[in-house]
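Presented below is the structure to which this report refers.
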Amino acid sequence: MEHCNIAIVGAGPAGIASAVEAKTAGISSVVIFEKARHLNDTIVTLYHEGKRVDPVYRKVKIDPIGKLSFDTETKEEFIKRMEEVSSAHSLDVRLKSEVTKVITQADGSFKLVTGAGSEVVAQVVIVAIGVFGKPVKPSYPISAELKDRVLFSLPKTPIEGSSVLVVGGGDTAAEVACFLCEKNDVSLSYRRAEFFRLNDINACNLKRCSCKNKINVMLSTDIDHLSRDTAGEKIAVLFKDGRTMSYDYVLYCLGGSTPQAFLEAAGVEFNGKMAVADSAGETNVQRLFLAGDLAVEKGSIMAAFNSAKRTVDAVKERYGQLFR
Ligand SMILES: Cc1cc2nc3c(=O)[nH]c(=O)nc-3n(C[C@H](O)[C@H](O)[C@H](O)COP(=O)(O)OP(=O)(O)OC[C@H]3O[C@@H](n4cnc5c(N)ncnc54)[C@H](O)[C@@H]3O)c2cc1C
């Protein structure tokens with residue numbers, strides 16, 4: 001069976017940065033497992049075409065502490081640069097390799113099982129699978145007949161000439177609304193009385209689109225439930241204030257949630273919805289670390305880069321003697 005020093009699960013910003021930090025720190029035999037056919041699947045699939053990738057996200061500015069950092073650039077530039085980073089450091093990335101199980105062995109090492117059936121033994125595991133594989137859904141049920149018109153990310157086929165209700169109050173909701181309003185009739189529903197989490201650029205863009213009547217901003221609006229419009233073609237959105245409005249699509253931008261089942265199966269304990277981990281990301285399972293969105297309170301790319309640095313420093317200090 002193949003053996004490695006560090007197995008990293010997920011080739012997003014945190015996984016790639018963890019491998020770069022480990023290699024730079026002189027640790028050999030570092031393998032990244034990625035379930036998609038490419039690096040950075042969250043960014044490839046969930047960011048819209050040409051999206052601005054901001055280092056200041058969720059209003060938090062983070063100074064770099066490790067090897068990776070970036071300035072504002074487009075989605076396409078970011079993806080290309082990360083591919084170059086991966087090549088420049090000769091990272092060993094196994095694409096199309098979803099890790100389905102992480103099993104702790106009697107000697108404290110781990111056996112990782114992939115969907116393709118291969119098995120690898122690792123001295124240390126860094127789980128960097130992010131939270132966007134599991135989008136947050138509203139508390140009310142969504143009936144199966146509406147599912148093709150209720151979205152949790154932008155679909156591959158562009159939406160054009162439609163009425164769209166975007167739901168959410170964060171940077172993603174604002175960006176998606178501004179993007180869609182160029183070719184659609186867009187409303188943005190947020191349950192609070194004002195936006196307080198937007199970065200300055202998104203706040204400004206949203207204001208501009210709203211002033212030009214390109215986006216109907218609906219603050220203090222809370223959805224009670226969705227049903228099929230009586231004409232049958234659209235979705236009827238019933239708000240808690242008693243109003244009903246109809247749209248072609250409803251797109252929720254409510255963020256992501258921790259893949260709790262995957263982590264619990266590996267033995268990781270939870271405190272509420274957060275996995276228990278120390279400041280370096282080490283969980284209650286010795287030698288099993290979390291990095292990126294799984295390890296920080298307010299996830300972002302810069303937070304993922306920095307968490308990778310903290311994790312790899314701790315891995316080297318605590319377990320460097322195990323490495324061959
Ligand atoms: C629409 C949108 C816009 C955003 N805009 C910005 C922005 O402008 N600036 C910013 O800083 N942040 C932004 N973010 C947040 C940012 O994308 C995340 O904080 C960041 O990607 C977290 O990095 P990560 O490596 O922890 O996780 P992710 O980027 O989610 O990467 C996880 C990787 O793990 C892989 N994976 C998952 N499960 C497995 C498995 N079992 N086996 C193997 N591989 C697996 C996934 O395919 C993925 O490639 C945005 C998020 C969204 C959704």
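Scanning region 284-299 for residues that are crowded, with 18+ Cβ neighbours inside 10 Å and away from the ligand (no atom under 15 Å from the Cβ) returns Val285, Arg287.
Which members of region 97-134 meet the condition of being more than 22 Å from the chain's Cα centre (by Cα) and among the small types (Gly, Ala, Ser)? Within region 97-134, Ala106, Gly108, Ser109, Ala116, Gly117, Ser118, Ala122 qualify.
Could you run through region 1-33 and say how many residues are under 14 Å from the mean Cα position of the chain (by Cα) and assigned to a loop (DSSP other than H, G, I, E, B)? The total comes to 3.
Looking only at residues in region 34-68 that are charged (D, E, K, R) and within 19 Å of Ser87 (Cβ to Cβ), the one that is farthest from the chain's Cα centre (by Cα) is Lys67. Counting the residues of region 40-77 that are part of a helix (DSSP H, G or I) and either of a type in the set (Asp, Glu) or in the same structural domain as Leu198 (by TED's automatic domain parsing) (or both) gives 3. Tallying residues that are within 11 Å of the ligand (Cβ to nearest atom) and surrounded by 18 or more Cβ atoms within 10 Å (Cβ to Cβ) within region 23-51 yields 12. Condition test on Ala203, is it part of a helix (DSSP H, G or I), within 21 Å of Tyr47 (Cα to Cα) and touching a strand residue (DSSP E or B) at 6+ places or on another chain (Cβ under 6 Å)? Judged against the criteria, Ala203 is not a match.
Candidates in region 52-82 are the residues that are within 9 Å of the ligand (Cβ to nearest atom) and among the hydroxyl-bearing types (Ser, Thr, Tyr); of these, the one that is surrounded by the fewest Cβ atoms within 10 Å (Cβ to Cβ) is Thr72.
Could you pull out the residue among Gly232, Gly255, Gly320, Gly272 that is exposed (fewer than 15 other Cβ atoms within 10 Å of the Cβ) and under 30 Å from Ala144 (Cβ atoms)? Steps first, please.
Details: Gly255 fails: exposed (fewer than 15 other Cβ atoms within 10 Å of the Cβ); Gly320 fails: under 30 Å from Ala144 (Cβ atoms); Gly272 fails: under 30 Å from Ala144 (Cβ atoms).
Matching residue, one of Gly232, Gly255, Gly320, Gly272: Gly232.
The values are calculated or read from the model by the stated rules, or taken from the named source; none is laboratory data. Everything numeric here is computed off the predicted structure, so don't read it as measured data. Cβ: placed from backbone, ideal geometry, glycine included. Neighbour counts: every protein chain shown.
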